[in-house]
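The values are calculated or read from the model by the stated rules, or taken from the named source; none is laboratory data. Only a predicted model underlies this, so the values are computations on that prediction, with no experimental measurement involved. For neighbour counting, all protein chains shown are included, and Cβ atoms are generated from backbone atoms with ideal geometry for every residue, glycine included. Side chains are part of the model used for accessible areas, which takes the heavy atoms of the whole protein and leaves out ligands, DNA and RNA. Shrake-Rupley method; radii C 1.70, N 1.55, O 1.52, S 1.80 Å.
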Amino acid sequence: MSKINIRGFIETSLLDWDGKITSVIFLPYCNFRCPFCSNGILLDDPDSLPEITLDRIGAFLKERKDFIDGVVISGGEPTIHPWLPELAEKLKAIGTLVKLDTNGSNPNHLTTLITNHLIDYIAMDLKAPLDGKYRSAAGQEVDLKAIKQSIKLIMGSGIDYEFRTTVIPTILDEAEIESMAKAIAGAKKYALQQFVPEHTLDPKLRIIAAYPREKMLALSAIARQYVANTIVRGV
């Protein structure tokens, strides 16, 4: 078995999978450098965090199998790790549901997870409109063809999913939200998430005020023209 590297574990969360009580696993490193990321330590210095063994996680889940509904695999970006399917398979063997958080940059890895029935839910971050602005939101050049391929793959996968966007005032406004919602028109779910300036990877964003609740609701109404089940989180 490959070396599985886990650098964070939340035993109980009510926030990471709507309607479910979950545990959350955090994997290190990411192929993006989103300026608004609040998990910078997982990108730049994950070795400073204690390593969590899969044995410990498995023991916890088995003890609480009647209480914990599922496990969320987050990061960092989980799909950069070749051993991700092994991790998901071991979690499924315990009898738990598995949700994956991803930036959608690795459609080939997603295909493996979906076709082998290793995940039950996908939350894909949609950073910005599928044009040159994506680079600003991701912090570097992005293969937009891969992002589009992941969107198509997820929407046709037959499993449950959502797309989600952190609404950054300096990058996203009405026109951008409409463009993004059009790109996923007909999706099962779209979540607009409130920007949290504390601890952002880019220090300059820490002084930017988040949009007020009324603005977030107005943006969700725009998105709802294309994705009926558009929700707002964090307001």
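A compact table of results
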read-out	value
Separation of the ALA228 and ARG164 label points, Cα + 7 Å toward Cβ, nm	2.3
Nearest-10 value in Å² for the accessible area of LEU54, using the 1.4 Å probe	40
Surface/4 of the Cα convex hull for the chain, nm²	12.1
Fraction of the pair-distance distribution of the range 195-235 above 17 Å, Cα-Cα pairs, percent	44
Whole-number D in µm²/s for the range 49-115 (Stokes-Einstein; Kirkwood sum over Cα pairs; 10 °C, 1.306 mPa s)	124
Per-residue [θ]222 nm for the chain (sum of -39500 (n - 2.57) over DSSP H runs n ≥ 4, rounded to 500)	-9000 deg cm²/dmol
Global form of the range 36-76, assessed from the alpha-carbon gyration tensor, a/c cut-off 1.5	oblate
Accessible area per residue in Å² at 1.4 Å probe, computed on the chain	46
Within straight-line cross-link reach of LYS189, lysines at Cα separation under 26 Å, skipping those fewer than 8 residues along the same chain	LYS20, LYS92, LYS99, LYS127, LYS133, LYS145, LYS148, LYS152, LYS215
Rg to Rh, two decimals, where the range 85-195 supplies the alpha carbon set and Rh follows Kirkwood	0.99
Solvent-accessible area, 1.4 Å probe, carbon plus sulfur percent, for the range 65-138	46
Sites ILE208 and LYS145 - FRET efficiency at Förster radius 22 Å, r taken between beta-carbons, to 0.05	0.10
Residues ASP18 and ASP44, FRET efficiency given R0 of 25 Å [Cβ-Cβ distance, rounded to 0.05]	0.25
For the range 1-136, convex hull volume per residue from C-alpha positions, Å³	113
